Amino acid sequence: MPDSRWPLIAGASLLLAAASALADDPERLEADLRAMFGGHGSVELGEVSGALLRSRATAEDLVFETDEGERLRLARYIVNGDYDSPHEVILEGLRIEDSLTELPLMSAERIVLGEPSRAVFPLYGDLVPEDVSFGSLAIDDLVIDLASELAEELFQGAAFRGSEGRLTIARVRGESLAHDAIGMLEITDVAGTGQDLGDLGAGSFTLGSLRLEGLAGLDGDQEESLALLALRDLDIASDRLVGTLVALDLDGDFGDGSGGLSLEDFRVDLARMIALAPEEERTRLRMASNVLTDGSGELRLDAAILGNWEEEGGRSILSSDSHVTAHDALRLHFDIELPMVLPDGVAPADVFADSELLEAATLLGGEIHLTLADQGLFARLATLGAAMEGVTEAQYIEQLRTQAQGFGMMFGAQVQSILMGLVDLLEGSASELAIDIALPAESNLATWSGDPMGVPDKLSMSVETH
């Protein structure tokens, strides 16, 4: 007859085995933390403990003094789940400071690493070693001193690294992060100030959000690629650029047949920038600003440079419906449709990644429609040109018309018709210039680039003004 105590004995044995395994986790955590910093400075640890009813190991009050004079403080380092394959690692109260002045170099309230490749990984030195990866990332209330060596390491290649200033980020979220690729990374509510923000000079900026997806090639072993970049609500105020941007979207993944760049409501405060410029440059800059903005001092831009691929009957069709608008100045619209046969083994997405492949494609004709619409710029250009030449506007326009006719004699009737159309825009007798181009049935870009002067004769072109 079976012993009725067997379930109790088995259960107790399993509980004791689990407790024994859990008891090892704090010891392993302490040993790994000490080993991680070993040889690079001194390490102090407070209480290191485990949890009986759940797989958790916690180390508290970690202090690491580097040989270079920096101090890392960490309130808690928590490993949840199986120590050899953790569910998550949580860091609370992270602070890196100068050990002499105790000034903060970086701090973060909370960092949560989901499905890390191991329980303990470097918190100092190499940011993401090859053997470290994370399924997800969440950081709250990140603050970084831009002048620190840590910022130099964090922002390799960034324009503002090494600047005297401060960067704050309210939230960072990420997915599938490794040393060579990032599945997704999004930063939200960013603010920065600095004395040297690269090409921007001294100043400050705020950013609503920046999201990256499908970033690969970070280790340099392969070409870098980016599937998506989405930027929202950028505001810059520096001594070289003062402006705002509502949205910028870059779709770099042409595997679905489409992609491109769009820019929404980019505004540049030229008047304020001119006031900050050296006095000897202000007259020239103010003249250019008046021409571009009709005296408002604010340049506004919208743009969409978009491309699409379609496969049809053994051929590829590249099309684009794009525009660039400088408000109160001009609008450029171009509509392109180019059927072609790509070289063997080349996919449409490959062409967008490497434009040289397009030169080897066989073009099967195609059409290009360009429209230039004046929104006030050309009249101001005519006034400025006449003033600089010391003649009347009518005399200035006539000079340009004569020059356009001369270029036509040199480069042909098609070039002449384009130049004459531009003169009509300057004169005000037309507000729009439309150019329609039909390509020959069998050609490629490589042969055209070898004889650029002969290109107009190989095209069927019509030019109209309205």
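When both residues are 6+ apart or on different chains and their Cβ atoms are under 7 Å apart, which pairs have a first residue that lies in the stretch 99-122 and is open to solvent by 40 Å² or more (accessible area, probe 1.4 Å), and a second that is among the aromatic types (Phe, Trp, Tyr) and modelled with pLDDT of 90 or more?
Listed pairs, sorted by first residue: 115/134.
Scanning for something in contact with a helix residue (DSSP H, G or I) (Cβ under 8 Å, 6 or more places away or on another chain) and open to solvent by 30 Å² or more (accessible area, probe 1.4 Å), does the stretch 224-232 turn up at least one residue? Working first, answer last.
If we filter the stretch 224-232 for residues that are in contact with a helix residue (DSSP H, G or I) (Cβ under 8 Å, 6 or more places away or on another chain), which is where we start, we get 225.
If we keep only those that are open to solvent by 30 Å² or more (accessible area, probe 1.4 Å) as well, we get 225.
Scanning the stretch 224-232, I find at least one residue that is in contact with a helix residue (DSSP H, G or I) (Cβ under 8 Å, 6 or more places away or on another chain) and open to solvent by 30 Å² or more (accessible area, probe 1.4 Å), so the answer is yes.
For residues that are open to solvent by less than 40 Å² (accessible area, probe 1.4 Å) and either closer than 30 Å to residue 293 by Cβ or charged (D, E, K, R) (or both), tally how many sit in the stretch 258-271. Reasoning before the result, please.
Within the stretch 258-271, the first condition is being open to solvent by less than 40 Å² (accessible area, probe 1.4 Å), and the residues that meet it are 258-260, 262, 265, 268, 270.
Filter once more, so that each one left must be either closer than 30 Å to residue 293 by Cβ or charged (D, E, K, R) (or both): 260, 262, 265, 268, 270.
Total meeting the criteria: 5.
Restrict the check to the stretch 5-17 and report whether at least one residue is modelled with pLDDT under 50, farther than 17 Å from residue 121 by Cα and in a loop (DSSP other than H, G, I, E, B). Break it down stepwise before answering.
So the first thing to find is which residues in the stretch 5-17 are modelled with pLDDT under 50, and the list is 5-17.
Checking which are farther than 17 Å from residue 121 by Cα leaves us with 5-17.
Going one step further and asking which of them are in a loop (DSSP other than H, G, I, E, B), we end up with 5.
Yes: one or more hits.
Cβ-Cβ under 6 Å, sequence separation 6+ or interchain: first residue in the stretch 228-252 and in a strand (DSSP E or B), partner of a type in the set (Val, Ile, Thr). Which pairs?
Hits for this filter: 235/206; 235/244; 243/236; 243/268.
Within the stretch 157-185, which residues are closer than 20 Å to residue 219 by Cα and either modelled with pLDDT of 95 or more or part of a strand (DSSP E or B) (or both)?
174, 175, 176, 177, 181, 182, 183, 184, 185
Just to verify a result, which residue in the stretch 282-298, among those that are without any contact (Cβ under 8 Å) to a residue 40 or more places away in the chain and of a type outside the set (S, T, N, Q), is least open to solvent (accessible area, probe 1.4 Å)? Full working, then the answer.
Applying the first criterion (without any contact (Cβ under 8 Å) to a residue 40 or more places away in the chain) to the stretch 282-298 yields 282-286, 288-289, 293, 295-298.
Keeping just the survivors that are of a type outside the set (S, T, N, Q) gives 282, 284-286, 288, 295, 297-298.
Numbers: 282: 76, 284: 147, 285: 56, 286: 113, 288: 50, 295: 52, 297: 6, 298: 75 Å².
Across the stretch 282-298, the extreme among qualifying residues is 297.
Keeping to the stretch 34-48, report how many residues are modelled with pLDDT of 90 or more and either closer than 13 Å to residue 79 by Cβ or buried (at least 17 other Cβ atoms within 10 Å of the Cβ) (or both).
Within the stretch 34-48, residues that are modelled with pLDDT of 90 or more and either closer than 13 Å to residue 79 by Cβ or buried (at least 17 other Cβ atoms within 10 Å of the Cβ) (or both) number 2.
Say we look at the stretch 356-399 and pick out the residues that are over 14 Å from residue 422 (Cβ atoms) and in contact with a Lys or Arg (Cβ under 7 Å, 6 or more places away or on another chain); which of these is modelled with the highest pLDDT?
Among those that are over 14 Å from residue 422 (Cβ atoms) and in contact with a Lys or Arg (Cβ under 7 Å, 6 or more places away or on another chain), it is 375.
Identify, please: which residue in the stretch 404-417 is in a helix (DSSP H, G or I) and in contact with a Pro (Cβ under 8 Å, 6 or more places away or on another chain) and is, among those, nearest to residue 330 (Cα to Cα)? Spell out the reasoning first.
Here is the first cut: in the stretch 404-417, the ones in a helix (DSSP H, G or I) are 404-411, 413-417.
Keeping just the survivors that are in contact with a Pro (Cβ under 8 Å, 6 or more places away or on another chain) gives 411, 414-415.
Numbers: 411: 26, 414: 23, 415: 21 Å.
Taking the candidates together, the pick is 415.
With 247, 237 as the choices, which residue is of a type in the set (Gly, Ala, Ser), modelled with pLDDT of 95 or more, surrounded by 15 or more Cβ atoms within 10 Å (Cβ to Cβ) and in contact with a strand residue (DSSP E or B) (Cβ under 9 Å, 6 or more places away or on another chain)?
Details: 237 fails: modelled with pLDDT of 95 or more.
Exactly one residue qualifies, and that residue is 247.
Residue-by-condition table, conditions (1) at pLDDT below 90; (2) in contact with a Leu (Cβ under 6 Å, 6 or more places away or on another chain); (3) open to solvent by 60 Å² or more (accessible area, probe 1.4 Å):
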position	(1), (2), (3)
310	yes, no, yes
318	yes, yes, no
329	no, yes, no
334	no, yes, no
351	yes, yes, no
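Identify all residues within the stretch 203-227 that are of a type outside the set (A, V, I, L, M, F, W, C) and not in a strand (DSSP E or B); write none if there are none. It would help to see each step written out before you state the result.
Just the residues of the stretch 203-227 that are of a type outside the set (A, V, I, L, M, F, W, C), to begin with: 203-204, 206, 208-209, 211, 213-214, 217, 219-225.
217, 219, 220, 221, 222, 223, 224, listed by residue number.
Restricting the search to the stretch 186-202, which residues are part of a strand (DSSP E or B) and either modelled with pLDDT under 95 or open to solvent by 40 Å² or more (accessible area, probe 1.4 Å) (or both)?
Within the stretch 186-202, 186, 189, 192, 193, 194 meet the criteria.
Could you list, ordered by first residue, the pairs with Cβ atoms under 8 Å in which the first is in the stretch 403-418 and on the phi > 0 side of the Ramachandran plot and the second is surrounded by 15 or more Cβ atoms within 10 Å (Cβ to Cβ), at least 6 apart or interchain?
Sorted first by the residue in the stretch 403-418, then by its partner, the pairs are 412/456.
Check the stretch 405-417 and report whether any residue there is out of contact with any Lys or Arg (no Cβ under 9 Å at 6 or more places or on another chain), over 23 Å from residue 337 (Cβ atoms), modelled with pLDDT of 95 or more and open to solvent by less than 40 Å² (accessible area, probe 1.4 Å). Give the derivation first.
Going residue by residue through the stretch 405-417, those that are out of contact with any Lys or Arg (no Cβ under 9 Å at 6 or more places or on another chain) are 405-417.
Okay, now just the ones that are also over 23 Å from residue 337 (Cβ atoms), so 405-413, 415-416.
Those left that are additionally modelled with pLDDT of 95 or more: none.
Scanning the stretch 405-417, I find no residue that is out of contact with any Lys or Arg (no Cβ under 9 Å at 6 or more places or on another chain), over 23 Å from residue 337 (Cβ atoms), modelled with pLDDT of 95 or more and open to solvent by less than 40 Å² (accessible area, probe 1.4 Å), so the answer is no.
What number of residues within the stretch 50-86 are modelled with pLDDT of 90 or more and more than 28 Å from residue 103 (Cα to Cα)?
Count: 10.
Which number in (1) over 15 Å from the mean Cα position of the chain (by Cα); (2) surrounded by 17 or more Cβ atoms within 10 Å (Cβ to Cβ); (3) not acidic (Asp, Glu) marks the one condition that residue 255 misses?
(2)
Of everything in the stretch 429-446, what is open to solvent by 60 Å² or more (accessible area, probe 1.4 Å) and in a loop (DSSP other than H, G, I, E, B)? Give them in sequence order.
Passing the criteria: 429, 431, 441, 442.
Need the failing condition index for residue 78 against (1) open to solvent by less than 30 Å² (accessible area, probe 1.4 Å); (2) more than 26 Å from residue 105 (Cα to Cα); (3) of a type in the set (Val, Ile, Thr), just the number.
(2)
The values are calculated or read from the model by the stated rules, or taken from the named source; none is laboratory data. Bear in mind the structure is a predicted one, so any value in this text is a computation, not a measurement. We place every Cβ from the backbone using ideal geometry, glycine too, and count neighbours over all the protein chains shown. Please note that ligands, DNA and RNA were not included when accessible areas were found on the heavy atoms of the full protein model with its side chains. Shrake-Rupley method; radii C 1.70, N 1.55, O 1.52, S 1.80 Å.
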